[in-house]
Amino acid sequence: MPSTTTYRRGQVVVVSVTFTGQTGAKHRPALIVSTDAFHRKLPDVIVCPISSQARYLKGPGMGDHPLRQWRGLGLRHPSTVRISNILAVEKRIIRRVLGKLGGEEVLQVERGLRQAFGLSEETKRG
């Protein structure tokens, strides 16, 4: 059955990520980066995982974005949006919405996405 929950770009959600080999799963935070129009038509959302590993804070990968407002999102540790690890997930594995990333940080993540995909600044946001 399709999800009736409306997801929005910029929301930080908790998704259930299955281990390799299907031996279990862990709940992980992720930032929704796909557009609302995409969400209305498909059962998936595109997310960037959020990592609390110190190595991504000290030396983020190209386009990765350390979060300034991680506490306000309900995250337990300083964290980084991993643009270099983007993935599509089914809406049904989203466990809950933690919050919404602030406007300036969303813009920085979008800049990183445009850089990663070679898209111009004029590309429309949805």
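Values in this text are rule-based calculations from the coordinates and carry no lab data. As the structure is a prediction and not an experimental result, all values here were calculated from the model. No Cβ is skipped: glycine too gets one built from the backbone with ideal geometry, and neighbour counts run over all protein chains shown.
Extending 7 Å from Cα along the Cβ direction at Arg111 and again at Ala25 yields two label points whose distance is 3.6 nm. Our coupling estimate for segment 77-86, obtained by passing each phi through the Karplus curve with A = 6.51, B = -1.76, C = 1.60 and θ = phi - 60°, is 9, x, 9, 10, 6, 9, 4, 6, 10, 4 Hz, Gly and Pro reported as x.
Are there any GluC sites (Glu not before Pro) in segment 43-126 that are in a DSSP loop and have at most 16 other Cβ atoms within 10 Å? List them by number. Write down the numbers at each step before the final one.
Values: sites: Glu90, Glu104, Glu105, Glu110, Glu121, Glu122; in loops: Glu121, Glu122.
Passing sites in segment 43-126 are Glu121, Glu122.
With a cut-off of 15 Å between beta carbons, the residues surrounding Gly102 carry a summed charge of +3, where Lys and Arg count +1 and Asp and Glu -1.
How much length, in nm to one decimal, is gained on full extension between Leu42 and Ser120, taken as 0.36 nm per residue of separation minus their Cα-Cα distance? Before the final figure, lay out the partial values.
Numbers: separation 78, 0.36 × 78 = 28.08 nm, distance 2.50 nm.
Contour length minus the Cα-Cα distance gives 25.6 nm.
Sparsely packed loop sites in segment 27-123 (the trypsin sites (Lys or Arg not before Pro) outside DSSP H, G, I, E and B with at most 14 other Cβ atoms within 10 Å) comprise Arg68, Arg76. Charge tally around Val17: other residues with Cβ under 10 Å, Lys/Arg +1 each, Asp/Glu -1 each, net +2. What list of whole percents do you get for P(r) of the chain, with Cα-Cα distances grouped in 5 Å bins up to the one holding the largest distance? All Cα pairs, binned at 5 Å, distribute as 2, 11, 22, 24, 21, 13, 6, 1, 0 percent. With K and R counted +1 and D and E -1, the other residues having a Cβ less than 9 Å from that of Tyr56 yield a net charge of +2. Here the Gaussian network model covers the chain, with springs between Cα atoms less than 10 Å apart; of Ser16, Ser79, Ser34, Ser16 fluctuates the most. By the compact-protein rule of thumb, 2.2 N^0.38 Å, the alpha-carbon radius of gyration of segment 47-98 corresponds to a ratio of 1.16.
Under a Gaussian network description of the chain, with springs only between Cα atoms under 10 Å, the residue in His39, His77, His65 that fluctuates furthest is His77.
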